[in-house]
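Below you'll find the structure, written out as structure tokens, and then a few comments.
The values are calculated or read from the model by the stated rules, or taken from the named source; none is laboratory data. This one's a predicted model, so the numbers in the text were calculated from it and none came from an experiment. Every residue, glycine as well, gets a Cβ built from its backbone with ideal geometry; the counts of neighbours run over all protein chains shown. For accessibility, only protein heavy atoms count, side chains too; no ligands or nucleic acids. Shrake-Rupley method; radii C 1.70, N 1.55, O 1.52, S 1.80 Å.
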Amino acid sequence: MRTVEWRDDRLFLVDQRKLPWKLEYLSLEGPDAVARAISDMAVRGAPAIGAAAAFGMALAARVALSDGLVGELLRERLQGAAEMLKSSRPTAVNLAWAVERQMRLAEKVGYSEPGALADALLAEAQRIADEDVEVNRRMGRYGADLIEDGFTILHHCNTGALATVDYGTALGVIRAAHEQGKRIHVLLDETRPRLQGARLSAWELKQLGIPFHIIADNAAGHFMRTGQVDLVLVGADRVAANGDVANKIGTYKLAVTARENGIPFYSVAPTSTIDLSIATGDDIPIEERDPAEVRTAFGHPIVPDDYPALNPAFDVTPHRYLTGIVTENGIAYPPFGVNLRRAVEGSL
Ligand code: MRU
């Protein structure tokens, strides 16, 4: 089953807050519930929230159809849903990319036949989901060439099937290398405060039979300096036109440490994550989440709740620290300003 799947007239999402202890699905019937699932991180990971939001737009059209809306009222309902879904998490550009793709389609189909519009938006959401899986497999094939037999790879956050519709970005590359028969070992940053590495990436690698160890985030530098890491692979939530990469908080520190130790550092990102309208990483909005996530370890208090805490969910890694960016159209190397544009146009 996919992380994001349409079945029985509803959207099913793996509830990632419950893993690794329970594999449970949420079943959603309206766009508000989808926006909530995204902001509460029941579904998370840039491509997964993009696909979920695309289905959220299809659900908005179905609810409007049953409410009897047509014409301008239908358009306003969809525009409202689009704004709500886009604002549910600000950093990952895939969310806005998928919602805007749905709005463009709605404008093309028109608002005079609500049934036809609802069908068109559902078919497009399905296409977005299917394309994501195909794109991940292509990135996997390109990226696997970077991995040699016997490599130890350091990975941050969760970028696997759970962060996408299926297969994964950086973990997809690791999976592709494993499927090619390469013997690899993965060091998984636990990724405080939400522990996506410890809870989700470890759960995925265990199922795939890929050897791993979870490490405390603070241990990554030690493993790099002592020669125990051959390659660092991370995902991306938004890549600016100059190659600056916004990704899970802690990525920047890893990139600087990798450079200091001469270790290649790659981001794996579909072209839907590349935002050519943003010149540099300084312009990427960084989500600030509830400080309570820092004061607790997944629900369990560490300190009293009146201790102040700060919780930026992402950081920006300047492009000079990136060895390359793996896309579904090939690996972009510096100068990123030229080569990312080529990747987006499909001509790397
Ligand atoms: O806050 P999250 O868990 O949604 O953050 C996820 C990441 O930062 C991933 O690295 C990114 O979305 C790319 S994964 C396909």
Inside segment 230-243, the number of residues satisfying the requirement of being buried (at least 24 other Cβ atoms within 10 Å of the Cβ) and either hydrophobic (A, V, I, L, M, F, W, C) or more than 14 Å from the chain's Cα centre (by Cα) (or both) is 7
Consider Ile278 carefully, then state whether it is at negative phi, open to solvent by less than 40 Å² (accessible area, probe 1.4 Å), away from the ligand (no atom under 13 Å from the Cβ) and not in a loop (DSSP other than H, G, I, E, B). no
So, in segment 50-80, how many residues would count as being of a type outside the set (D, E, K, R), part of a helix (DSSP H, G or I) and open to solvent by 10 Å² or more (accessible area, probe 1.4 Å)? 6
Selection within segment 196-209 - closer than 19 Å to Ala176 by Cβ, crowded, with 21+ Cβ neighbours inside 10 Å and either of a type in the set (Asp, Glu) or in contact with a His (Cβ under 8 Å, 6 or more places away or on another chain) (or both): Ser201, Glu204
Go through the residues of segment 173-188 one by one and say whether even a single one is open to solvent by 10 Å² or more (accessible area, probe 1.4 Å), of a type in the set (A, V, I, L, M, F, W, C), within 12 Å of the ligand (Cβ to nearest atom) and in contact (Cβ under 8 Å) with a residue 60 or more places away in the chain. no
Quick one: is Phe265 of a type outside the set (D, E, K, R) and modelled with pLDDT of 95 or more? yes
Restricting attention to segment 27-49, and to residues there that are outside any loop (DSSP other than H, G, I, E, B) and more than 16 Å from the ligand (Cβ to nearest atom), which single residue is nearest to Gln16 (Cα to Cα)? Ser27
For the structure I just gave you, tell me whether Glu134 is open to solvent by 30 Å² or more (accessible area, probe 1.4 Å) and within 16 Å of the ligand (Cβ to nearest atom). yes
Here are Ile147, Ile174, Ile153: which of them is touching a Lys or Arg at 6+ places or on another chain (Cβ under 7 Å) and of a type outside the set (Lys, Arg)? Ile147
I'm trying to understand the selection: among the residues of segment 83-131, which are crowded, with 16+ Cβ neighbours inside 10 Å and among the small types (Gly, Ala, Ser)? Ser88, Ala92, Ala96, Ala98, Ala106, Ala118, Ala120, Ala125, Ala129
